[in-house]
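Since the structure comes first, as structure tokens, the remarks are kept for the end.
The values are calculated or read from the model by the stated rules, or taken from the named source; none is laboratory data. It should be emphasised that the depicted structure is a prediction, and the values quoted were computed from it without experimental measurement. Because the Cβ atoms are built from the backbone with ideal geometry, glycine has one as well, and the counts that use them run over all protein chains shown.
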Amino acid sequence: MDPKLLTIEALSVHFHLPEGVARAVDGIGFDLQPGETLGLVGESGCGKSVTALSILGLVQSPPGRIEAGRILFESRNLLRLDAEGLRRIRGRDISMIFQEPMTSLNPVLPIGRQVAEPLMVHKALSRSEAMAEAAAWLDHVKIPAARKRLDDYPHQLSGGMRQRVMIAMAMVCRPKLLIADEPTTALDVTIQAQILSLMLMLKSELNMSVLLITHDLGVVAQMASRVVVMYAGQVVEEGRMTDMFDQPFHPYTRGLLKSMPRLGDRRAGRPPRLNEIPGTVPSLIEAVSGCRFAGRCPHVFDVCRKQQPDLFKIGAGQRARCWLKRYPDRRKPDA
Ligand SMILES: Nc1ncnc2c1ncn2[C@@H]1O[C@H](COP(=O)(O)OP(=O)(O)OP(=O)(O)O)[C@@H](O)[C@H]1O
Ligand SMILES: [Mg+2]
């Protein structure tokens with residue numbers, strides 16, 4: 001039996017826009033084991049959310065179109081399912097938490113009803129059974145006086161509370177896979193820490209797999225056991241979290257890590273170094289012949305501009321899309 005819960009193979013998602021075809025996701029692949037937390041990271045616009053939306057069949061179409069690839073969930077290709085088949089999986093086997101809860105909570109429905117709804121739809125619970133379970137879940141995600149708040153509307157709650165309601169909604173059916181797209185980016189740091197530890201607790205309780213999408217490597221370090229780094233619609237590096245932090249290979253991954261603020265600098269009386277990666281992500285519309293990172297890479301050499309590198313094996317479970325693997329002597333000493 002295939003031990004993988006989710007396998008994405010050669011997935012390409014393009015947006016057909018008046019100005020041209022934007023290759024938002026361009027031949028990506030990765031997999032997720034049961035119970036594993038995988039971090040998907042990369043700069044804004046690199047295709048993280050489009051990847052997540054593809055899994056649940058939620059890419060806006062038109063202009064979006066899934067051009068190629070397979071998304072296997074427990075060996076079934078989700079891209080082959082019809083709308084009804086996807087609806088059955090969504091919220092029951094796979095659920096999703098979004099960055100901004102107000103866009104996914106219904107503003108005119110009390111929160112109790114919203115948490116109860118998936119139980120009525122997927123588990124055929126009666127309304128009163130579902131409401132009782134919803135109250136228990138709101139309590140579980142630490143909404144104070146949960147029972148009294150069942151009839152509250154989303155606008156009556158703080159941002160952190162709304163995110164807890166979203167988590168309760170995502171968890172009620174005990175999904176096998178949770179996709180969390182920037183679940184804490186909109187929250188202040190103390191609430192962020194509370195939400196992350198709540199997610200960790202529920203994850204181990206339910207033995208769920210989590211696809212955690214974020215541009216915050218600190219969050220990844222706390223939560224994930226493996227990391228996939230995307231750049232301009234492609235996977236550029238993947239590996240175990242500890243390897244990626246200790247020995248990142250790709251210059252882009254190295255740049256991301258260097259751009260993390262360091263407490264050590266401040267303790268030593270130096271201003272914190274925030275090394276931004278110079279330059280911007282290339283247009284997804286123009287064809288690129290070489291490496292997509294070439295224009296920003298401190299190590300760039302002739303081959304990089306001509307030919308796209310493969311994902312080369314670096315070590316156990318670590319791969320990087322970089323010509324430095326073939327031509328190690330071209331690596332310049334890091335500045
Ligand atoms: N509905 C859409 N119509 C047109 N283009 C889109 C649409 N959705 C996404 N794109 C394009 O696809 C690319 C990838 O977008 P995506 O939302 O996946 O980025 P992201 O990695 O999630 O970024 P962020 O960190 O800002 O959330 C972007 O260049 C974006 O412009
Ligand atoms: Mg996004």
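Numerical summary
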item	result
Matching residues in region 203-244 - criterion: being over 15 Å from the mean Cα position of the chain (by Cα) and free of Cβ contacts under 8 Å to residues at least 40 places away in the same chain	Ser204, Glu205, Leu206, Thr242
Check on Lys4, within 16 Å of ligand 2 (Cβ to nearest atom), touching a strand residue (DSSP E or B) at 6+ places or on another chain (Cβ under 9 Å) and more than 29 Å from Ser128 (Cα to Cα)	no
Lone unmet requirement of (1) within 23 Å of Met244 (Cβ to Cβ); (2) surrounded by fewer than 16 Cβ atoms within 10 Å (Cβ to Cβ); (3) more than 13 Å from the chain's Cα centre (by Cα) for Thr7	(2)
Helices (runs of 4 or more DSSP H) wholly inside region 42-135 that include at least 3 residues being buried (at least 21 other Cβ atoms within 10 Å of the Cβ) and in contact with a Cys (Cβ under 8 Å, 6 or more places away or on another chain)	none
Some residue of region 100-122 being modelled with pLDDT of 95 or more and within 16 Å of ligand 2 (Cβ to nearest atom)	no
Any hit, region 15-23, residues being over 13 Å from the mean Cα position of the chain (by Cα), part of a strand (DSSP E or B), more than 20 Å from Tyr252 (Cβ to Cβ) and more than 10 Å from ligand 1 (Cβ to nearest atom)	yes
Matching residues in region 307-326 - criterion: being more than 21 Å from Leu256 (Cα to Cα) and out of contact with any Cys (no Cβ under 9 Å at 6 or more places or on another chain)	Ala316, Arg326
Residue tally, condition more than 8 Å from ligand 1 (Cβ to nearest atom) and either in contact (Cβ under 8 Å) with a residue 60 or more places away in the chain or β-branched (Val, Ile, Thr) (or both), over region 53-70	5
The lone exception for Ser12 - which of (1) away from ligand 2 (no atom under 16 Å from the Cβ); (2) within 24 Å of Leu202 (Cα to Cα); (3) not in a loop (DSSP other than H, G, I, E, B) it fails	(2)
Qualifying residue in region 180-196 (condition: within 16 Å of ligand 1 (Cβ to nearest atom), under 22 Å from Gly35 (Cα atoms), in contact with a Leu (Cβ under 7 Å, 6 or more places away or on another chain) and not hydrophobic (A, V, I, L, M, F, W, C))	yes
